[in-house]
1. Quickly run through segment 137-169 and pick out the residues that are among the hydroxyl-bearing types (Ser, Thr, Tyr) and surrounded by 14 or more Cβ atoms within 10 Å (Cβ to Cβ).
2. Kindly list the number of the only condition in (1) of a type in the set (Ser, Thr, Tyr); (2) at pLDDT 70 or above; (3) touching a Gly at 6+ places or on another chain (Cβ under 8 Å) that fails for Tyr47.
3. Take the residues in segment 276-322 that are under 15 Å from the mean Cα position of the chain (by Cα) and of a type in the set (D, E, K, R), then tell me which one is surrounded by the fewest Cβ atoms within 10 Å (Cβ to Cβ).
4. Of everything in segment 213-264 that's touching a strand residue (DSSP E or B) at 6+ places or on another chain (Cβ under 8 Å) and part of a helix (DSSP H, G or I), which residue is surrounded by the most Cβ atoms within 10 Å (Cβ to Cβ)?
5. Kindly indicate whether any position in segment 294-306 is within 21 Å of Ala256 (Cα to Cα) and at pLDDT 95 or above.
6. Out of everything in segment 64-93 that is assigned to a helix (DSSP H, G or I) and modelled with pLDDT under 90, what residue ends up being surrounded by the most Cβ atoms within 10 Å (Cβ to Cβ)?
7. Pick from segment 170-193 the residues that are within 16 Å of Val257 (Cα to Cα) and β-branched (Val, Ile, Thr): which of them is surrounded by the fewest Cβ atoms within 10 Å (Cβ to Cβ)?
Amino acid sequence: MSYEFNLFNYRTLSGGHSGGHSGGHGVAGLSLLDANVTTRACIVGPYYADPLREEVKIGEDITSNTTLLSPLGHSGGAQPDRRLSAWDTDQLVSLGLGEALERLVCSKETSEEVAIEVIASDGTKKPLVQLKPPQWTDDKQESQLKREFQLRLVMAYADLRGERTAEIASQIGWPLHAWTGLLGMRPRQHANTLLLLNIGQELVLHLVRRLKHFCAVPRPSQFSFQIQPMIDVPAHGSWPGGHASEAFMSAALLRAVITGAFIKEPSSSEKRRLSDASEQHLGEQLNRLAARIATNRVIAGLHFPIDTLAGRVAGTTLAEYLVARCQGQSIQQWRYFDSADYMTQDFHSNLSIQPRKEYNDNTAVDIRFEEPCEVLEHIWNEAIKEWQ
């Protein structure tokens with residue numbers, strides 16, 4: 001669980017200072033623990049057995065004649081929605097992440113290609129996204145020229161460090177504050193939207209780091225002492241960009257949630273109408289923020305622009321997959337990205353990338369999920385309500 005998300009955990013905040021300080025550190029925390037112990041000793045008295053409870057023999061099932069005092073829905077017979085509304089945030093993130101990951105696998109197709117594959121209902125694996133990393137260590141002159149082009153871009157971006165220092169420092173971790181600021185999200189009003197966003201972030205983090213491990217693409221500073229990154233260089237591969245993947249996942253997922261809460265046809269008065277122009281404007285704002293966050297990592301000297309573009313493809317694809325899992329939809333297209341096609345281009349948010357591909361007869365028509373995931377479907381439906 002990231003520290004940033006805990007700041008926006010409405011269940012923690014609604015508990016007030018008692019929930020925060022009772023788990024504090026140092027002398028103050030120990031004093032409160034001692035106070036709780038001595039207070040209980042003074043007020044608890046002898047154990048009280050409910051006289052209405054039937055006498056139970058050792059080993060007997062007591063589920064039917066036991067009344068739980070807690071309203072949290074811990075009973076195994078409680079309705080799923082009630083239980084899910086009661087669980088702590090970290091529990092829900094773990095459950096949602098587990099559902100999202102249970103059909104995904106990262107693979108190294110060849111020495112020059114990696115993929116995120118999805119397991120279809122019949123057990124077969126189909127590509128969700130296939131990516132080819134840059135061949136930085138290739139001795140071919142063409143590869144060296146492309147690497148030199150990307151290094152020059154990183155050097156040029158360094159000129160922006162002075163004006164971007166505050167942003168870069170605030171975005172070292174996952175910059176949830178940037179997304180809440182853009183959309184005016186608040187912990188109590190948008191708790192499930194934030195929860196879904198956190199699941200998406202954990203999903204991307206898990207899978208993209210696997211891709212980084214497979215490819216082990218060097219960082220810019222490993223090729224030139226002149227890069228001199230302004231913040232610590234993460235001790236893992238550069239490609240695809242992790243912040244870029246998370247940022248574009250966030251943009252695509254938030255757009256799907258918000259537009260899902262509206263209708264485009266004015267046939268019902270129960271919901272507000274979202275025009276095509278408004279949806280386009282929303283998408284532009286979200287993508288601009290994602291591009292800004294991703295580009296700041298290039299400015300800081302941690303990434304090449306090609307890392308950002310690959311992250312955009314991976315993050316967007318994973319957001320689309322997560323939405324499909326929440327809704328129980330089929331997935332009928334997949335993406336392919338070859339870094340070699342973009343090595344002599346700078347990154348910008350409007351750069352056209354290779355379109356999604358249709359599944360052909362050799363790899364199945366589509367990927368169908370028979371039912372939505374229990375946890376993801378619940379969180380998705382509650383998130384939709386927060387924007388209606």
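1. Listed by number, the residues that qualify are Ser143, Tyr157, Thr165.
2. Just one mismatch for Tyr47, condition (3).
3. By that ranking, first place goes to Glu320.
4. In this case the residue turns out to be Cys215.
5. Yes, segment 294-306 has at least one match.
6. Leu84
7. Result: Thr180.
Yes/no per residue for (1) under 20 Å from the mean Cα position of the chain (by Cα); (2) over 21 Å from Ala290 (Cβ atoms); (3) touching a residue at least 12 places away in the same chain (Cβ under 8 Å):
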{"residue": "Ile116", "(1), (2), (3)": "yes, no, yes"}
{"residue": "Gly123", "(1), (2), (3)": "no, yes, no"}
{"residue": "Lys132", "(1), (2), (3)": "no, yes, yes"}
{"residue": "Val154", "(1), (2), (3)": "no, no, yes"}
{"residue": "Ala158", "(1), (2), (3)": "no, yes, yes"}
{"residue": "Thr180", "(1), (2), (3)": "yes, no, yes"}
{"residue": "Gly184", "(1), (2), (3)": "yes, no, no"}
{"residue": "Thr193", "(1), (2), (3)": "yes, no, yes"}
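The values are calculated or read from the model by the stated rules, or taken from the named source; none is laboratory data. For clarity, every value in this text was computed on a predicted model and none was experimentally measured. Because the Cβ atoms are built from the backbone with ideal geometry, glycine has one as well, and the counts that use them run over all protein chains shown.
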